[in-house]
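Q: One structure follows; several queries about it will come next.
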Amino acid sequence: MSTATSSPTTRPLPLTEGSFLQRVVRGAVTPGGAVFILLAVLFVAVVAVNPSFGEPPQLIRFIGRTAPIVIAAMGQYYVIVSGEFDLSMGAVIATQVVIAGNYIGEDESRVLPAIGLMLLIGVVVGLVNGLGTTLLKVPSFIVTLGTMLALGGLVRFLTGGAATGNPVDTFREIGRGGIQDVPVLEVLPYSVIILVAVAAGSVWLMRSPFGRTLIAAGDNPDAATLAGAHVWWIKTRAFILSSLSATVAGILLVGYAGVHPSVGAGYEFQAITAVVLGGVVLGGGRGWVLSAAAGALALELLFSFLNFQEVESTWRNSVQGLIIILAVAVAARAWSLGRRPSSRPAPPAPPSTPARPGTETGDN
Amino acid sequence: MSATAARTPGTPESPRTPSTPDGPGATEPKESARRRRAARPKGARRLDSTALIYLVLVGVVVVSVVLTGIEGRNFFSQGNIWAILTAMSVLGLIAIGQTLVILVGSLDLSVPYVVSLSTLIAAGGMKGLDANVPAAVFNTLVVAAVIGLAMGVLVSVFDVHGFIASLGVGLIVSGYLATNYQGSHGAAAPDLRLMGRSGIASIIPTAFLLLLVAAALVTLVLRYTRLGHHLYAIGGNRDVARMSGVRTALPVISAHVMCSVLVAIAGLLLLSRTGVGSPTIGSQGRYDLLSIAAVVLGGTLLAGGKGSVIGTMGGVAIFAVLDNVMGVMQVNPFLKDFVRGLVIVLAVAVYARRSVVRRPPRFGGTRPVLPGAIAGSTQKGEGA
């Protein structure tokens with residue numbers, strides 16, 4: 001930023017100059033890029049411990065298994081990048097799972113209406129969270145805490161706190177099944193397809209005007225307002241997207257975990273951990289949606305690694321805690337380094353001829 | 001958030017307690033006094049949030065008295081008052097600590113695990129013998145202080161967001177608890193258990209007196225000491241506080257240490273009631289989220305820099321009375337959570353719009369001040 005403003009000539013922003021490779025390398029040292037390196041390192045480590053993990057069928061099953069948390073993390077990303085929190089995610093997942101269990105039951109024809117209903121409930125919860133945060137000006141932490149307590153309490157009250165209902169198998173196939181007889185992978189889980197679709201949609205969304213405005217609103221809501229953005233509606237949409245992601249995660253989880261009101265418990269903090277691990281800054285305005293997804297994958301890989309190492313599963317929490325503290329402590333340094341104007345004098349601005357890719361050294 | 005949030009960090013004024021009335025002085029110029037009046041909220045909005053929270057509390061109590069009466073019980077019976085005050089004491093101590101941390105702009109999510117850990121350490125150390133009490137209590141408080149110190153250092157020195165620092169430390173502690181303790185552990189000393197049952201005239205439990213002492217001490221610290229003023233200043237805007245010559249690390253660390261120690265005392269109170277240390281007692285109580293809710297309910301800004309312990313006590317009292325009346329009416333425990341969530345959102349919604357610092361503009365007498373601009377609905381006051 002500062003280099004661009006200090007020289008009024010057409011000096012490109014550091015992140016957009018240089019060849020594609022240079023940009024990738026430069027991106028990899030930001031927290032949002034470093035998570036991909038972490039992911040690769042963890043993958044190598046897991047494969048070294050357990051070679052069969054690297055085989056495509058195993059791998060694709062692992063991705064299918066982690067799809068719900070990855071999708072939840074991408075949903076949480078929208079809210080966090082706009083400078084808010086969504087603690088209601090776990091309760092939304094529990095609600096959706098219980099609805100699926102009780103409304104669908106053994107009735108095959110109710111699958112589609114049920115999905116519609118669940119998405120509608122997701123939108124309503126997101127709308128309540130968003131409007132409470134933006135129009136009533138209640139801190140999002142409190143609003144979503146309220147919806148979390150209210151929804152969670154309601155679901156447990158209605159079910160009596162026990163597993164109830166059992167949705168028809170066709171519905172559970174969404175989370176559990178897959179396309180059989182795929183050449184290399186043997187089976188392609190539906191959850192992976194949904195995950196890829198959600199990821200592609202998220203990338204597209206974050207490149208759309210909505211995504212740009214969302215990041216602007218998270219970075220500085222006042223500046224975004226003065227620039228003409230309807231911040232309240234942008235943020236509300238972020239909450240709706242978050243609840244919808246939780247809904248999708250809930251639909252997938254029905255296949256794996258069955259119907260129990262405690263299914264989504266802890267998902268909100270795990271999603272926030274994943275997002276933070278992905279280098280997204282709490283407080284908003286910084287981070288990439290796929291980094292959040294990679295953060296979730298890295299977290300799950302780490303847990304697998306610990307499993308293979310036969311570390312007691314009770315230490316999982318401690319490792320998770322250690323990881324997020326380290327990630328954020330490192331990221332806090334890295335972002336501030338990236339934003340600080342370099343101490344050396346900026347090289348003279350290149351002449352107005354556009355730099356040809358590969359010829360410029362760039363100041364990395 | 002958008003319009004109002006900017007006002008808070010933008011006005012790093014002297015760290016006064018929010019309850020201080022800002023009446024116009026006699027020597028003030030006319031123009032300034034006029035603007036002051038224009039900026040002052042009208043009608044009911046003139047009440048500050050502490051007064052409002054106690055009005056809400058009175059309302060809740062009235063409703064509870066009626067509901068308890070319908071059940072054929074007396075709300076003001078000795079046993080009931082005792083029960084409410086006992087319920088207040090644990091959450092109250094935690095919420096006081098949480099107030100300190102939130103005031104300085106941080107957050108403490110490690111609370112439930114520190115509570116559990118302190119019951120375990122204390123019970124394990126006492127082993128049911130009175131002679132071990134001083135050492136066990138000392139160890140408990142020191143461990144809690146070290147945990148608080150770790151969080152404070154992470155927040156202030158390593159620039160880790162308080163949410164993440166405390167969540168991370170909490171998770172680490174929870175992993176330790178889950179690995180090393182499967183069930184209840186140790187036993188409280190008889191003296192401690194006796195203290196848990198003692199009180200004045202069987203109305204006011206000792207635990208509640210402890211809470212009052214803690215509240216008074218923390219209020220004194222916040223109002224009259226340099227540390228307290230620095231807490232407000234840093235919570236308002238850390239960068240501005242630093243540039244004004246405040247060393248920001250020490251107050252943040254002390255807030256976290258004080259919070260963890262208060263939480264450990266709350267754990268000791270719990271131990272005095274249960275008699276054994278339990279690795280899940282904290283997370284079952286949901287003390288992290290409930291204490292934050294109580295603090296915000298009490299009118300403290302979640303972003304920091306404004307709030308008071310007195311307000312927090314009001315928030316805690318509301319929760320305690322609600323819980324009590326739901327217990328009397330035998331509400332389903334799951335439905336209790338539903339009601340709690342509803343109350344949190346509604347109560348905070350009532351005054352969240354107005355809990356932002358209101359004060360007259362200090363510069364530029366030429367532009368008119370719109371009263372509405374402060375409520376956050378229009379952007380004119382901001383943009384001009």
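Q: Once both labels are modelled 7 Å past Cα along the beta-carbon direction, what's the B:Ala216-B:Arg197 spacing in nm?
A: 2.8
Q: Ranked by Cβ crowding within 10 angstrom, fewest neighbours first, how are A:Met118, A:Met206 ordered? It would help to have the intermediate numbers written out before the result.
A: Working: A:Met118 24, A:Met206 20.
Taking fewest neighbouring Cβ atoms as first place, the list is A:Met206, A:Met118.
Q: Among A:Val47, A:Ala292, A:Gly211, flag the residue with its Cα farthest along the positive direction of the charge dipole of chain A, charges on Cβ as +1 for Lys/Arg and -1 for Asp/Glu.
A: A:Gly211
Q: Which helices pass in chain A if a helix is a full DSSP H run, must span at least 18 angstrom along its long axis by Cα, and must have mean Kyte-Doolittle hydropathy not below 0.0? Display every interim value, and only then the final one.
A: Values: long enough: A:31-49 (27 Å, 2.71); A:56-81 (34 Å, 0.93); A:111-134 (34 Å, 2.00); A:140-159 (28 Å, 1.63); A:190-207 (26 Å, 1.78); A:231-257 (38 Å, 1.30); A:289-308 (29 Å, 1.77); A:316-339 (34 Å, 0.95).
Counting only whole DSSP H runs, the qualifying helices are A:31-49, A:56-81, A:111-134, A:140-159, A:190-207, A:231-257, A:289-308, A:316-339.
Q: Quick check: pseudo-label points 7 Å beyond the Cα along Cα→Cβ at A:Phe303 and A:Leu135, how many nm apart are they?
A: 3.7
Q: Computed FRET efficiency, Cβ-Cβ of A:Asp181 and A:Val330, R0 45 Å: what is it to the nearest 0.05? Walk me through the numbers before you get to the answer.
A: Details: r = 44 Å, r/R0 = 0.99.
Efficiency at R0 = 45 Å is approximately 0.50.
Q: Let me know the shape class of the range A:25-334, please: from the alpha-carbon gyration tensor, a ≥ b ≥ c as square roots of the eigenvalues, rounded when a/c is under 1.5, otherwise prolate if a/b is greater than b/c, or oblate. All intermediate terms of the calculation are to be shown ahead of the outcome.
A: On the way: a/c = 1.58, a/b = 1.05, b/c = 1.51.
Since a/c reaches 1.5 but b/c is at least a/b, the shape of the range A:25-334 is classed as oblate.
Q: Quick check: from the Cα gyration tensor, does the range B:80-357 come out rounded (a/c under 1.5), prolate or oblate? Walk me through the numbers before you get to the answer.
A: Working: a/c = 1.63, a/b = 1.22, b/c = 1.33.
Oblate, since a/c reaches 1.5 and b/c is not below a/b.
Q: Using the number of other C-beta atoms within 10 angstrom as an exposure proxy, rank A:Arg212, A:Arg172 with the fewest first. Kindly include the intermediate steps, with their values, before the conclusion.
A: Working: A:Arg212 12, A:Arg172 20.
Starting with the residue having the fewest Cβ neighbours, the order is A:Arg212, A:Arg172.
Q: Fewest to most neighbouring Cβ within 10 Å: what's the order for A:Phe36, A:Phe303?
A: On the way: A:Phe36 20, A:Phe303 16.
So the ranking, lowest neighbour count to highest, is A:Phe303, A:Phe36.
Q: Just to verify a number: FRET efficiency for A:Ala40 and A:Leu127, C-beta to C-beta distance, R0 = 41 Å, to 0.05? Present the calculation step by step, with values, prior to reporting the outcome.
A: Details: r = 39 Å, r/R0 = 0.96.
The value I calculate is 0.55.
Q: Considering only DSSP states other than H, G, I, E and B, which GluC sites (Glu not before Pro) in the range A:255-336 qualify as loop sites with at most 13 other Cβ atoms within 10 Å?
A: Details: sites: A:Glu268, A:Glu300, A:Glu310, A:Glu312; in loops: A:Glu310, A:Glu312.
Taking the range A:255-336 and a limit of 13 other Cβ atoms within 10 Å, the loop GluC sites (Glu not before Pro) found are A:Glu310, A:Glu312.
Q: Across peptide B:176-182, what mean number of C-beta atoms from other chains lies inside 10 Å of a residue's C-beta?
A: Details: counts 5, 3, 7, 8, 1, 1, 1.
Mean partner shielding for this stretch: 4.
Q: Follow-up question, since we're still on this one. Assuming a ≥ b ≥ c are the square roots of the Cα gyration tensor eigenvalues, decide whether the range B:81-213 counts as rounded (a/c under 1.5), prolate (otherwise, with a/b larger than b/c) or oblate.
A: On the way: a/c = 2.30, a/b = 1.37, b/c = 1.68.
Here the range B:81-213 falls in the oblate category.
Q: Between A:Leu117 and B:Ala249, how many nm apart are label points set 7 Å from Cα along the C-beta direction?
A: For the pair A:Leu117/B:Ala249, the computed spacing is 5.8 nm.
Q: Quick one: length gained pulling B:Val146 to B:Asp130 fully straight, 0.36 nm per residue minus the C-alpha distance? All intermediate terms of the calculation are to be shown ahead of the outcome.
A: Working: separation 16, 0.36 × 16 = 5.76 nm, distance 2.53 nm.
Result for the pair: 3.2 nm of gain on full extension.
No lab work stands behind these numbers, since they all come straight from the coordinates. Bear in mind that the values here come from a model prediction, so they are computed numbers and not experimental data. All Cβ positions, glycine included, derive from the backbone under ideal geometry; neighbour counts span all protein chains shown.
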